[in-house]
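A.B. asks: Take this structure, written in structure tokens, and hold onto it; I'll ask about it next.
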Amino acid sequence: MSLPDSFIVHEHDVLVIGAGGAGLRAAIEASAAGVKVGVICKSLLGKAHTVMAEGGMAAAMGNVDDRDGWEVHFADTMRGGQYLNNPVMAEHHAKEAPARVRELEAWGAVFDRTKDGRILQRNFGGHRYPRLAHVGDRTGLELIRTLQDHGIHQGMEVFMEMTVVSLLKSGGRVNGALGYDRERGRMHVWKAKAVVLATGGIGKAFRITSNSWEGTGDGHALAYHAGAELMDMEFVQFHPTGMVWPPSVRGLLVTEGVRGEGGVLRNSEGRRFMFDDVPDAYRNQVAKDEEEGWRYVCGDKNANRPPELLTRDHVARCINREIKAGRGSPHGGVFLDIAWIKEKIPNSSAHIQRKLPSMYHQFKQLAGVDITSERMEVGPTTHYVMGGVLVDGDTQESCVPGLFAAGEVAAGLHGANRLGGNSLSDLVVFGKLAGEHAAKFAKANRAIEIDPAEVAAKTAALEEPFARRTGENPYAIQSQLQDAMQDLVGIVRTHGEMERAIGIIEDLKQRAKNVAISGHREFNPGWHTAIDLGCLLTVSESIARSAIDRKESRGAQFRDDFPQKDDACSTFNMVCRKSADGSMEVSRRPLPAMRAELKSVIEKMK
Amino acid sequence: MASPASQNGIHESTRTVEFRVWRGDRSGGAFTSYSVQVTQGMVVLDCIHRIQADQANDLAVRWNCKAGKCGSCSAEINGHPKLMCMTRMDALPADRPVTVEPMRSFPSIRDLVTDVSWNFRMKRRIKPFKPRKPDHADGSWTMMQEDVDRVQELRKCIECFLCQDVCHVLRDHHKHDEFIGPRFLMYTAALEMHPLDTEDRIADLKQENGIGYCNITKCCTKVCPEHIGITDNAIIPMKERVVDEFYDPLTRLFRIFKPR
Ligand SMILES: Cc1cc2nc3c(=O)[nH]c(=O)nc-3n(C[C@H](O)[C@H](O)[C@H](O)COP(=O)(O)OP(=O)(O)OC[C@H]3O[C@@H](n4cnc5c(N)ncnc54)[C@H](O)[C@@H]3O)c2cc1C
Ligand code: SF4
Ligand code: SF4
Ligand code: FES
């Protein structure tokens, strides 16, 4: 039996799914290794989520404060992740990020400069020293454009506006992928010796999110159904500052850079409430008063950071508390004020517009607010998933041979909470590693034939919604799922509510089997939503199930019924895998051992 | 659940707006009318999404960021090339229907989605960045902020292709084979002005990339959502370099003797 002619068949050594920072960096590395590379993305090239990143990428180059170095960055990352991180990955990341940033410069990126002409670095939450290389507040654009413009000359083949719906396997190994193109709705089969997943995040599982329609956790679901394990899925980062008004932009990100440049949070009583609650682990790194906080913003090396720059999980919870206590802003957020710096510096309006140009425009155009003279209203928004495919820290390979993962879809680097700026550096450090090892794998292994019966069965399932005349509306199911996750598995969680969420998810899974689609296969967003829905349901279930079984509050997970951190829970990561009967199995995996040298680095930096 | 806004007594007005959206494909199409309930603060893209969710599940549209950062949602709104996500409903005239149609300089695929692949092909034609040897042992360079300000301005481009859409050389004269359009003239300029770059793209600009077709109407600059000075800061300086290199006898003489 062979594939019917209606399938378009491609063949590569390494297939990269996703063209954000991680996917492009992996593809560049694999191409450099001399293998044939294909890259697939759901949108046009250069439009992936990475383009939206604002604040910067973390790398301990020490250009602004020479006390910085890989050890400090490593310790900051582990502390931020509440020590659930994979130390092997945190070490790679801290050591290799500076070289990855310089490499971007060699490929044409133009970062903001220090007075002596080096790459400028800015402050961000949880980073001890100014560490984020940046370009105003459009760092992600610079990163993705640089990789894109370099990548298109390296020989990779790019498939734009195509979506992978399933990984193909034979003899336990991955041997390709099945997908469709948006333009015509034709089916494609990509044969490959190795596959790199770089599909980004899951924000669309929640109602309020900074993520675009692409953030439906496809790679998480593809890997899970192919037999890989998902780790740390309970850790979903709610960014403290999303826009809250007008309703249509609710959730849109307000970069942490606003606070890095001196922005402060106030409640309706005008109080800087972040001073009221400073966690012990950070007490000796936080400013005593407003005056010291401002000196830190101005670069005084003897000053400690203002409490607004504590880790995101903590800031988000404090904001949530103010809102719930009735001290919020008119549209259900709190106030973020950068305009106040006019008391401190001349020409503050021009300064703000130069440092935060896209924030200035975003508020001006979408909310009618001039941030150089008025306060913003902000509230928490679903932003990033720390959890993802469990990979080997040195190679990025999953437990399925030939299947690699890098970037937001992979787990391990960030543990229970990611520090701002550690994602863009994650993309290039681990994108490179994944590309390198996928190419190695492809060179060492022969291609295996795909099974036409597997392809036929999977394709038939995709086409079913067209055959139904009546049935469920995919948008309606999606929005019910988002409501359930937002309300029941959000910033503050309890056992009972999450069990209810599981019940709803099970129900929606049944209803999703009955969606009906009108129209044709060409560029049909209803059909695409129906397909993405399956991924969202898998991801939502793994978030809820992992969160139920972690009976403590740590990092991004806050349990109202277990409000304290529990030392007994500091020894394992939660892992989900698909069991033989198709149900989701959740287990605890002991933390990987840490080398003595790394332990002493952490002690030294305490 | 009452919204926090109404609890606080802020009035959020709703009105019904008539939309005329172009529906069709490669073979042709026509405007279809939809009525949309519009609340305060909505942008055109929100209305398109509302139509898609309630009235036309299969309405094709591109978008990603909803914040003017990705350049996906380009369209012609009431005849003007704009980003749908950054066009507020209250900025449009209330007394007539809002028309939304795809960019007209590119072939239609379906509804609001056009085939912009030509742009990706044009970019590949331009010689890539080629830096001089690093200044320092760690592979880094020294560059002053004032020397990169201009390049950073040009690198703000989000590749929405609205400038390409509006340029008459492409839109009316269809010189797609001989002219790369404002986006890529500017892209070339950003490479040429990069302090580290050592490549020479001036001959290409004049010959296959057709900079001579641009007669500085500045229509591209007017529509750029990133407010980049496409003509003044990129195209005109490149035109000057072309003139210097090709028509100034003294420069030509130097070119002969300058070791390359
Ligand atoms: C508004 C915003 C601001 C941010 N700011 C910062 C910051 O300042 N610093 C920082 O470090 N981090 C920041 N982040 C986080 C960071 O941008 C993301 O985590 C990161 O860009 C993810 O990159 P990625 O390469 O893993 O995936 P993405 O960039 O999300 O790319 C995913 C790719 O996979 C493709 N894809 C997905 N599913 C499929 C499928 N089924 N088939 C084919 N292709 C598929 C998509 O089309 C896309 O090309 C920010 C995030 C947001 C949303
Ligand atoms: S200035 Fe030149 S490139 Fe711009 S629209 Fe006019 S002719 Fe086209
Ligand atoms: S130059 Fe401006 S109008 Fe042209 S593609 Fe770039 S952002 Fe869009
Ligand atoms: S959706 Fe990104 S620019 Fe409009």
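A.B. asks: Let me check I've understood the local charge: for B:Cys220, count other residues with C-beta under 10 angstrom from its C-beta, Lys and Arg +1, Asp and Glu -1. What total comes out?
C.D. replies: Numbers: positive: B:Arg183, B:Lys218, B:Lys222; negative: B:Asp165.
Its environment carries a net charge of +2.
A.B. asks: Hey, what's the per residue convex hull volume over the C-alpha atoms of segment A:300-431, in cubic angstrom? Display every interim value, and only then the final one.
C.D. replies: Details: hull volume 22.6 nm³, N = 132.
Once divided by residue count, the hull of segment A:300-431 is 171 Å³.
A.B. asks: Let me ask something additional. Could you pull out the pairs from A:Lys95/B:Lys66; A:Lys355/B:Lys218; B:Lys66/B:Lys222; A:Lys115/A:Lys342 whose alpha carbons sit more than 32 Å apart here? Before the final figure, lay out each step's value.
C.D. replies: On the way: A:Lys95/B:Lys66 35 Å; A:Lys355/B:Lys218 28 Å; B:Lys66/B:Lys222 21 Å; A:Lys115/A:Lys342 23 Å.
Correct reply: A:Lys95/B:Lys66.
A.B. asks: Still on this structure, I have one more. Determine ³J(HN,Hα), in whole Hz, for all residues of segment A:515-524 in sequence, where each value follows from phi through the Karplus function 6.51 cos²θ - 1.76 cosθ + 1.60 and θ = phi - 60°; x replaces Gly and Pro.
C.D. replies: Values per residue, Gly and Pro as x: 6, 10, 10, 9, x, 10, 7, 7, 5, 10 Hz.
A.B. asks: Continuing with the same structure: Which whole-number value in Å³ per residue fits the convex hull of the alpha carbons of chain B?
C.D. replies: On the way: hull volume 48.2 nm³, N = 260.
Dividing the Cα hull volume of chain B by its residue count gives 185 Å³.
A.B. asks: Still on this structure: Kindly state, as a whole number, the per residue volume in cubic angstrom of the convex hull around the alpha carbon atoms of the protein assembly as shown.
C.D. replies: Details: hull volume 147.2 nm³, N = 866.
Roughly 170 Å³ of hull volume per residue.
A.B. asks: Just to be sure I understand: of the beta bridges DSSP finds with both ends in segment B:4-114, what percent are antiparallel, rounded to 5?
C.D. replies: Percent antiparallel among DSSP bridges in segment B:4-114 is about 90.
A.B. asks: Counting only heavy atoms of protein chains, what accessible area per residue, in Å², does the protein assembly as shown have with a probe of 1.4 Å? Kindly include the intermediate steps, with their values, before the conclusion.
C.D. replies: On the way: 31370 Å² over 866 residues.
On a per-residue basis, 36 Å².
A.B. asks: For A:Arg184, A:Arg493, A:Arg577, A:Arg138, give the ranking by accessible area with the largest first, probe 1.4 Å. Each step should come with its number before you reach the end.
C.D. replies: Values: A:Arg184 95, A:Arg493 0, A:Arg577 70, A:Arg138 35 Å².
Final ranking, largest accessible area leading: A:Arg184, A:Arg577, A:Arg138, A:Arg493.
A.B. asks: In terms of the ratio Rg/(2.2 N^0.38 Å) built on C-alpha atoms, what value belongs to segment A:103-161? Mind showing how you got there, number by number?
C.D. replies: On the way: Rg = 14.2 Å, N = 59, 2.2 N^0.38 = 10.4 Å.
Expressed relative to 2.2 N^0.38 Å, the Cα Rg reads 1.37.
A.B. asks: Looking at A:Tyr83, A:Thr494, A:Ile505, which one has the Cα that reaches farthest to the positive end of the dipole of the protein assembly as shown (charges on Cβ: Lys, Arg +1; Asp, Glu -1)?
C.D. replies: Value computed over the given set: A:Tyr83.
A.B. asks: Another question, then. In sequence order, what are the phi-derived ³J(HN,Hα) couplings for segment A:584-601 according to the Karplus relation 6.51 cos²θ - 1.76 cosθ + 1.60 with θ = phi - 60°, rounded to whole Hz, with x for glycine and proline?
C.D. replies: Computed from phi, the couplings for segment A:584-601 are 8, 10, 10, 9, 9, 10, x, 4, x, 5, 10, 4, 4, 4, 5, 4, 6, 4 Hz.
A.B. asks: Can you give the % of DSSP beta bridges in the protein assembly as shown that are antiparallel, to the nearest 5?
C.D. replies: On the way: 67 of 95 bridges.
In the protein assembly as shown, DSSP labels about 70 percent of beta bridges as antiparallel.
A.B. asks: Starting at 0 and stepping by 5 Å, how many percent of the alpha carbon pairs of segment A:467-585 end up in each bin?
C.D. replies: Spelled out bin by bin, segment A:467-585 gives 2, 11, 19, 18, 16, 13, 9, 6, 3, 2, 1, 0 percent.
A.B. asks: In the protein assembly as shown, with Lys and Arg counted as +1 and Asp and Glu as -1 at Cβ, which of these residues, A:Phe275, A:Gln396, B:Ser117, has the Cα nearest the positive end of the dipole, that is, farthest along it?
C.D. replies: Highest projection toward the positive end goes to B:Ser117.
A.B. asks: Can you give the mean number of other chain Cβ atoms that lie within 10 Å of the Cβ atoms in peptide A:104-111? Mind dumping the intermediate values first?
C.D. replies: On the way: counts 0, 7, 7, 3, 11, 2, 12, 3.
Per-residue shielding by partner chains comes out at 6.
A.B. asks: Taking the Cα centre of segment B:117-257 as origin, sum charge times position over the Cβ atoms of Lys and Arg (+1) and Asp and Glu (-1), and report the length of that vector in debye to the nearest 20.
C.D. replies: Values: 22 positive and 23 negative charges, 86 e Å.
That gives a dipole near 420 debye.
A.B. asks: Would you mind checking which residues have amide H under 5 Å from A:Leu168's amide H? H placed 1.01 Å from N; only 5 or more apart, or other chain.
C.D. replies: When sequence neighbours closer than 5 places are left aside, the close amide H contacts are A:Asn175, A:Gly176, A:Ala177, A:Leu178.
A.B. asks: Let me ask something else. For the B and A pair, go ahead and give the buried accessible area with a 1.4 Å probe, both sides summed, in Å² to 100.
C.D. replies: Values: alone 14430 and 22210 Å², together 31370 Å².
In total, chains B and A hide about 5300 Å² from solvent.
A.B. asks: Something else about it: Could you point to the residue in A:Gly420, A:Ser479, A:Leu462 farthest towards the positive end of segment A:405-489's charge dipole, with +1 and -1 charges on the Cβ of Lys/Arg and Asp/Glu respectively?
C.D. replies: Farthest towards the positive end: A:Gly420.
A.B. asks: For segment A:182-323, what value does the Rg/Rh ratio take when both radii are computed over Cα atoms and Rh is the Kirkwood radius, given to two decimals?
C.D. replies: Radius of gyration over Kirkwood radius for segment A:182-323 works out to 1.11.
A.B. asks: Something else now. Please report Rg (one decimal) and Dmax (integer) in Å for the Cα set of segment B:164-239.
C.D. replies: Expressed in Å, the Cα Rg and Dmax of segment B:164-239 come to 11.9, 37.
A.B. asks: With the full set of protein chains in place, find how many percent of the accessible area of chain A is carbon and sulfur; take the probe as 1.4 Å. Write down the numbers at each step before the final one.
C.D. replies: Numbers: 9630 of 19580 Å².
Result for chain A: 49 percent of the exposed heavy-atom area is carbon or sulfur.
A.B. asks: With θ taken as phi - 60° and the coefficients 6.51, -1.76 and 1.60, list the Karplus ³J(HN,Hα) couplings across segment A:414-430 in order, rounded to whole Hz; mark glycine and proline as x.
C.D. replies: So the Karplus estimates, Gly and Pro as x, are 9, x, 7, 6, 8, 7, x, x, 7, 7, 4, 6, 3, 4, 7, 5, 8 Hz.
A.B. asks: Follow-up. Step by step: find N for segment A:239-381, compute 2.2 N^0.38 Å, then divide the Cα radius of gyration by it. What's the final number? Each step should come with its number before you reach the end.
C.D. replies: Values: Rg = 14.4 Å, N = 143, 2.2 N^0.38 = 14.5 Å.
That works out to 0.99 for segment A:239-381.
A.B. asks: Going by Cα centres, segment A:74-92 and segment B:200-249 are how many Å apart?
C.D. replies: If we compute the Cα centre of each part, the gap is 49 Å.
A.B. asks: Normalised radius of gyration for segment B:4-114, please: alpha carbon Rg relative to 2.2 N^0.38 Å, two decimal places.
C.D. replies: Values: Rg = 14.4 Å, N = 111, 2.2 N^0.38 = 13.2 Å.
After normalising by residue count via 2.2 N^0.38 Å, the value is 1.09.
A.B. asks: Among the lysines, which fall within straight-line cross-link reach of B:Lys123, defined as a Cα-Cα distance under 18 Å, with same-chain neighbours fewer than 8 residues apart omitted?
C.D. replies: Filter leaves A:Lys47, B:Lys156, B:Lys175, B:Lys206.
A.B. asks: Let me ask something else. Would you mind estimating how fast segment A:111-260 diffuses translationally, via Stokes-Einstein at 20 °C and 1.002 mPa s with the Kirkwood radius over Cα pairs, in µm²/s?
C.D. replies: On the way: Rh = 18.9 Å.
D, rounded to a whole number, is 113 µm²/s.
A.B. asks: So, in Å, what gap is there between the alpha-carbon centers of segment A:517-539 and segment A:144-170?
C.D. replies: If you average the Cα positions of each part, the centres end up 21 Å apart.
A.B. asks: How many angstrom separate the Cα center of segment A:230-284 from the Cα center of segment A:431-508?
C.D. replies: 30
The values are calculated or read from the model by the stated rules, or taken from the named source; none is laboratory data. As the structure is a prediction and not an experimental result, all values here were calculated from the model. Using ideal geometry, Cβ is built from the backbone for each residue, glycine included, and neighbour counts are taken over all protein chains shown. Just so you know, the surface numbers come from the protein's heavy atoms only, side chains and all, with ligands and any DNA or RNA stripped out. Shrake-Rupley method; radii C 1.70, N 1.55, O 1.52, S 1.80 Å.
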